[in-house]
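**Q** Take this structure, written in structure tokens, and hold onto it; I'll ask about it next.
Just so you know, all these numbers are worked out from the coordinates, no wet-lab data involved. Quick caveat, the model's predicted, so the values are computed rather than measured. Cβ placement follows ideal geometry from the backbone for every residue including glycine, while neighbour counts extend to all protein chains displayed.
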Amino acid sequence: MTHANAALTPKHRLRLARAVVEQGWTPAYAATVFNVSAPTARKWADRYLVGGPAAMEDRSSRPHHCPRRTPAPVVRKIVHLRWKKRLGPVQIAGRLGLAASTVHAVLVRCRLNRLSHVDRATGEPIRRYEHDHPGSLIHVDVKKLGNIPDGGGHRYVGRPQGDKHRAATPGKPKNAHHNPKMGTAFVHTVIDDHSRVAYAEIHDDETAATAIAVLRNATAWFAARGVPVQRVLSDNGSAYRSHAWREACAELGITPKRTRPYRPQTNGKIERFHRTLADGWAYGRMFTTETARRKALPAWLHEYNHHRPHTATGSRPPITRLNNLSGQYS
């Protein structure tokens, strides 16, 4: 490939070659005129004689024959260990008696050098899915967060000061070590599979009754925006395996579905949303009380739904996919 300061671009190579072949210039004289060496001038003239103007382009530097290339059976073994065992180049090299650099080169050539490209459970390439319209499927799950003591938690003030804040927070029961129990905030989240629009409520438990109440509120929230919910996907938590959950879904006209055990990837959209929720809201800035953090959730959700660009929706806010359906922005 030619660089910015190359003496001969393909156009000038053609001029040099024609001067030698068609005009009778000597390679030495052409080299002087075009400011290159005589062997270089002779090389392009010979290429022009063989291939014409098309031969003036750069050729691939790949060798025509590579006798020491990694054999295909060895490549298959490397790929198998990468997919099925999720081993790195050093571990694979140890098993097969190869150099780690050789294994890494094979993984790069097969586009398996990043483990993020491989499904954790099956070792197969990741297969993503998305329903074709809003409301076709919603994901539900619960994110557990420790309550913040008055004055701030240890993430921002440090462990020693955080322990003092815990001890000073009034009205909390004691654990076995006589430290106050701060309790847990259960964030019940709902996200639409197609649009990535999210709905969330914070409660003090994750019982079936609470999960059903959140589902009713979420379906009403989506219905107000012109989106009827058809299916709901959950994990295998006790609330979602209960008869009450199944009966509530039947009453709402929703088909309940559950992921396979130990397969959070199937519910991966809401799992990824929980990471965004934690980084952007729960731990995004310092809150001096749990009440202040809970009051900040609605504003963050509005920012996420209406203003934050999402890569899965063409770098636009998730609400735009609902707007295309319902024609409203609320």
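**Q** For the stretch 78-115 and the stretch 244-269, what is the centre-to-centre distance using only Cα atoms, to the nearest Å?
**A** Between the Cα centre of the stretch 78-115 and that of the stretch 244-269, the gap is 38 Å.
**Q** Here's a follow-up. I want to verify a result. In a Gaussian network model of the chain, Cα cutoff 10 Å, which of these has the top mean-square fluctuation: R293, R42, R308?
**A** R42
**Q** Would you mind telling me which residue in R69, R285, R231 has the biggest mean-square fluctuation in a Gaussian network model of the chain, where springs connect alpha carbons within a distance under 10 angstrom?
**A** Looking only at R69, R285, R231, the largest GNM fluctuation is found for R69.
**Q** Under 27 Å between C-alpha atoms is the cut-off here; go through the chain and count lysine pairs that meet it, provided they're at least eight residues apart or on different chains.
**A** 28
**Q** When the Cα centres of the stretch 1-61 and the stretch 132-169 are compared, how far apart do they sit, in Å?
**A** Cα centres, the stretch 1-61 to the stretch 132-169: 69 Å.
**Q** Here's something else I'd like to know. Using the 10 angstrom Cβ neighbour count as an exposure proxy, how do M286, M56 rank, fewest first?
**A** Least to most surrounded, the residues fall as M286, M56.
**Q** Does the stretch 72-117 come out rounded, prolate or oblate, given a ≥ b ≥ c as the square roots of the eigenvalues of its C-alpha gyration tensor, rounded meaning a/c under 1.5 and, failing that, prolate meaning a/b above b/c?
**A** In terms of gyration-tensor shape, rounded.
**Q** Hydropathy first: keep DSSP H helices in the chain averaging at least -0.5 on Kyte-Doolittle, then drop any whose Cα extent along the axis falls short of 18 Å, and list what survives.
**A** Both cut-offs are met by 208-223.
**Q** Assigning unit charges at the beta carbon (Lys, Arg +1; Asp, Glu -1) and nothing else, what dipole magnitude in debye, to the nearest 20, does the chain show about its Cα centre?
**A** Once rounded to the nearest 20, the dipole reads 1400 debye.
**Q** Amide H to amide H under 5 Å from D141: which residues, 5+ apart in sequence or cross-chain, H placed 1.01 Å off N in plane?
**A** For D141, whose amide H was placed from the backbone, the distant partners under 5 Å are T189.
**Q** When a/c is below 1.5 the answer is rounded, else prolate if a/b is larger than b/c, else oblate, so apply that to the stretch 45-147 with a ≥ b ≥ c taken from the square roots of the Cα gyration tensor eigenvalues.
**A** Oblate shape, in that a/c is at least 1.5 and b/c is the bigger or equal ratio.
**Q** Once Cα extents along the principal axes in Å is worked out from the coordinates, which option in (i) 98, 53, 43; (ii) 65, 49, 42; (iii) 107, 46, 44 does it equal?
**A** Given (i) 98, 53, 43; (ii) 65, 49, 42; (iii) 107, 46, 44, the structure-derived one carries the label (i).
**Q** Further, regarding this structure: In deg cm²/dmol, rounded to 500, what helix-only [θ] at 222 nm does the chain give when every DSSP H run of at least 4 residues adds -39500 (n - 2.57) and the total is split over its residues?
**A** My calculation for the chain gives -12500 deg cm²/dmol from helical runs alone.
**Q** Quick one: W221, W300, fewest Cβ neighbours within 10 Å first, how do they rank?
**A** Arranged by neighbour count, lowest to highest, W221, W300 become W221, W300.
**Q** Then there's this: Given charges of +1 on the Cβ of Lys and Arg and -1 on the Cβ of Asp and Glu, with all other atoms neutral, how large is the dipole of the stretch 10-56 about its Cα centre, in debye to the nearest 20?
**A** With only Lys, Arg, Asp and Glu charged at Cβ, the dipole is about 140 debye.
**Q** Rounded, prolate or oblate, given the Cα gyration tensor of the stretch 25-86, with a/c below 1.5 counting as rounded?
**A** Prolate shape, in that a/c is at least 1.5 and a/b is the bigger ratio.
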